[in-house]
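Worksheet for the structure shown next.
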Amino acid sequence: MIGGMLKFKFVALQLNLGLFCWSYTNVGSLYNLTHLKLVINVEHDDFIYLFILEKKIDKCGEEDLFQHCVNQDGITTLPHWIFCIHSAVCLFEQKVSDVTASTDEDGLRRGFISAVMLPSDQGLLCVTADQQFLFYSLESTVELLQLNLTKRLVGYNEEVVDMKFVGDDEKFLALATNLEQVRVYDLASMSCSYVLSGHTEIVLCLDTCVSSSGRSLIVTGSKDNSVRLWEAESKSCIGVGVGHMGAVGAVAFSKRKRDFFVSGSSDHTLKVWSMNGLSDDMTMAINLKAKAVVAAHDKDINSVAIAPNDSLVCSGSQDRTACIWRLPDLVSVVVLRGHKRGIWSVEFSPVDQCVVTASGDKTIRIWAISDGSCLKTFEGHTSSVLRALFVTRGTQIVSCGADGLVKLWTVKTNECVATYDNHEDKVWALAVGRKTEMLATGGSDAVVNLWYDSTAADKEEAFRKEEEGVLKGQELQNAISDADYTKAIQLAFELRRPHKLFELFAGICRKRGAEDHIDRALKGLGGEELRVLFNYVREWNTKPKHCYVSQFVLFRAFNIFPPTEIVQIKGIGELLEGLIAYSQRHFVRIDRLVRSTFLLNYILSGMSVIEPENQQTEFTAEIPLQSDNIIDKQHVVEEEDPQKNATVSKKRKKSSKSRHGSIKKVKDVAYKKVETIQLLA
């Protein structure tokens with residue numbers, strides 16, 4: 001081996017961003033990094049991958065070819081088996097890179113950083129400096145090897161600033177992600193299908209359309225002060241527009257003719273670009289020409305939108321105004337004034353003569369095109385509203401803002417009907433499908449969320465649940481009629497009817513053998529149903545008139561289920577804390593009532609309404625003796641003086657009436673006999 005033993009460390013290098021190999025020496029002289037091509041040994045029948053070193057080694061003086069074997073288990077480094085060979089031919093060399101070069105801290109441009117052969121003939125996996133995984137499939141013949149990019153996994157999107165659906169079927173999504181390139185994702189697999197590279201600065205905005213010839217087109221605006229027109233099928237740039245003096249922050253295709261687009265820039269101007277010079281068989285990018293230019297605003301233009309009939313264009317700016325212009329000569333129609341902060345988004349209504357604007361003053365406004373008056377104002381975002389678009393044929397508005405929220409509004413009532421919090425930072429990008437009305441949102445958290453209209457599905461699901469609830473409700477009534485309490489309680493749990501469940505438990509408590517009925521019902525409960533039961537019991541226990549049922553059910557539950565099973569219930573600690581607090585209150589109240597009965601017993605005894613049991617027997621025994629003596633005395637008196645006896649008899653009648661009256665009063669007393677209750681310590 002001339003010049004020392006050569007060792008391959010990686011299979012990729014970034015010199016001209018093709019697929020090459022990184023090499024170095026471990027003894028002798030040091031060699032500069034060189035690019036290597038993938039070659040094949042034509043002298044052997046076995047299919048062996050070779051890497052050819054295109055660098056003159058100092059001690060050799062001529063170009064040398066070095067062989068390196070690759071097996072199906074991956075790249076195997078065999079330093080002792082590397083040797084010179086002169087019968088190798090170039091098998092594959094990339095002409096166009098699949099990655100965009102980035103610059104590291106040392107100022108070196110970086111593309112591929114590593115690669116590995118996948119086992120079982122699954123192809124080649126390459127890693128790039130911008131955190132991407134590229135999967136290549138190997139298609140080989142006797143004379144040719146072709147590497148086709150089959151999948152691209154993007155590890156990090158950075159900040160998503162704009163997005164649009166691509167194609168007539170809307171199966172792809174184009175993203176501008178604070179990079180010089182546009183990434184197009186396949187919505188089915190959410191993998192990056194391809195990348196559009198050409199801008200030299202960050203891409204700030206984009207828009208898509210399907211031309212009259214059926215081609216899917218993408219227009220982009222960048223910080224390099226240019227706009228570019230791309231064809232999605234060929235993944236190539238077919239037009240470049242240069243002329244802005246500042247970053248292009250907004251672009252929009254025409255809606256009907258689709259033969260022009262409008263751009264707005266930080267140089268405060270609007271430009272109308274013509275696409276008449278494009279043909280279907282173009283291979284080179286042409287220079288796009290501006291048909292009209294106007295100085296539209298005093299500050300940066302953040303958004304532009306074209307009317308559905310291509311007659312008007314609206315622009316929103318940081319100068320707090322939105323202007324409507326007549327196409328194609330950009331004549332001013334009306335100026336919309338009223339926002340207190342810059343306007344981030346503008347959009348025409350698909351059915352009405354109005355425009356919706358979103359502003360940094362946290363509001364959304366709808367304006368009349370005829371006179372520029374504000375028709376409606378929507379308030380609800382807690383920070384700047386960055387995008388607002390019409391959906392469901394202009395009857396609703398969807399918006400997103402710097403508060404990370406996505407809101408859905410009803411135009412007729414000015415109400416926010418739904419709020420979605422699925423982003424952790426500002427939501428800059430919002431796209432609405434023209435046919436499917438599927439939503440896509442992206443923001444500073446580098447996350448892309450897809451939203452589907454679930455109105456019809458929700459209504460169908462609600463109708464199904466209602467129908468199922470009616471059937472189970474009838475089944476519940478039948479179970480109650482048949483005194484099948486176990487089944488009735490189970491159905492009440494399934495229907496989540498706590499009031500009906502309480503009525504069942506209360507009815508069982510008044511029956512004989514209540515413990516057995518409740519035990520059989522509780523034994524059939526699962527873990528989730530048991531948690532729901534404790535939740536219901538806690539609510540019942542808060543009311544004094546329901547506490548006796550809750551305490552009885554709780555007592556039976558603690559007797560049936562072991563503590564080890566109860567402590568496994570989710571949230572049982574919080575439930576028991578609520579039960580303990582109110583249970584202590586109920587027991588204190590009962591103890592206070594029992595103590596009050598002692599005082600009542602004492603008062604009634606003092607009023608001679610009730611007497612002790614030992615005195616009652618003596619009292620009843622003495623009553624006949626006293627009555628006999630009274631009768632004898634009355635006979636003696638009557639014999640002595642009849643006239644006096646008449647007077648006494650009258651008094652006796654009165655006294656008897658008074659006695660009968662006292663007896664009636666005693667009968668009216670509610671408590672005739674009160675027994676004390678012994679409290680166990």
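Asp516 meets the conditions (1) exposed (fewer than 15 other Cβ atoms within 10 Å of the Cβ); (2) within 26 Å of Arg464 (Cβ to Cβ); (3) not basic (Lys, Arg) in every case but one. The failed one is (2). Annotation note: of Ala429, Ala418, the sole residue that is modelled with pLDDT of 90 or more, in contact with a Lys or Arg (Cβ under 8 Å, 6 or more places away or on another chain) and more than 13 Å from Leu173 (Cα to Cα) is Ala418.
Applying a threshold of 8 Å to beta carbon distances and a minimum spacing of six or more residues, or different chains, the list of pairs starting in segment 302-325 at a residue that is under 23 Å from Lys257 (Cα atoms) and ending at one that is among the hydroxyl-bearing types (Ser, Thr, Tyr) and surrounded by fewer than 20 Cβ atoms within 10 Å (Cβ to Cβ) reads Cys323/Ser332; Ile324/Ser332; Trp325/Ser332.
Restricting the search to segment 122-145, which residues are assigned to a loop (DSSP other than H, G, I, E, B), more than 22 Å from Thr200 (Cβ to Cβ) and at pLDDT 75 or above?
We begin by selecting, within segment 122-145, every residue assigned to a loop (DSSP other than H, G, I, E, B); these are 122-123, 129-131, 141-144.
When the remaining residues are screened for being more than 22 Å from Thr200 (Cβ to Cβ), the result is 122-123, 141-144.
Result: Gln122, Gly123.
For segment 371-381, indicate whether the set of residues that are under 30 Å from Glu158 (Cβ atoms) and of a type in the set (D, E, K, R) is non-empty. The answer is no; no qualifying residue exists. Anything in segment 146-180 that is modelled with pLDDT of 90 or more and outside any loop (DSSP other than H, G, I, E, B)? List them, or say none. Correct list: Asp162, Met163, Lys164, Phe165, Val166, Phe172, Leu173, Ala174, Leu175, Ala176. Can Val355 be described as closer than 30 Å to Ser274 by Cβ, without any contact (Cβ under 8 Å) to a residue 24 or more places away in the chain and of a type in the set (Val, Ile, Thr)? No.
Scanning segment 286-298 for residues that are in a loop (DSSP other than H, G, I, E, B) and surrounded by fewer than 16 Cβ atoms within 10 Å (Cβ to Cβ) yields Lys289, Asp298.
Yes or no: segment 507-528 includes at least one residue that is touching an Asp or Glu at 6+ places or on another chain (Cβ under 7 Å) and of a type outside the set (Asp, Glu). No, because not a single residue in segment 507-528 is touching an Asp or Glu at 6+ places or on another chain (Cβ under 7 Å) and of a type outside the set (Asp, Glu). I'd like to know if segment 225-236 contains one or more residues that are crowded, with 22+ Cβ neighbours inside 10 Å, among the polar types (S, T, N, Q), farther than 25 Å from Lys435 by Cβ and touching a His at 6+ places or on another chain (Cβ under 7 Å). No, segment 225-236 has no match at all.
The values are calculated or read from the model by the stated rules, or taken from the named source; none is laboratory data. Predicted model, so just to flag it, every value in this text is computed and none were measured. Using ideal geometry, Cβ is built from the backbone for each residue, glycine included, and neighbour counts are taken over all protein chains shown.
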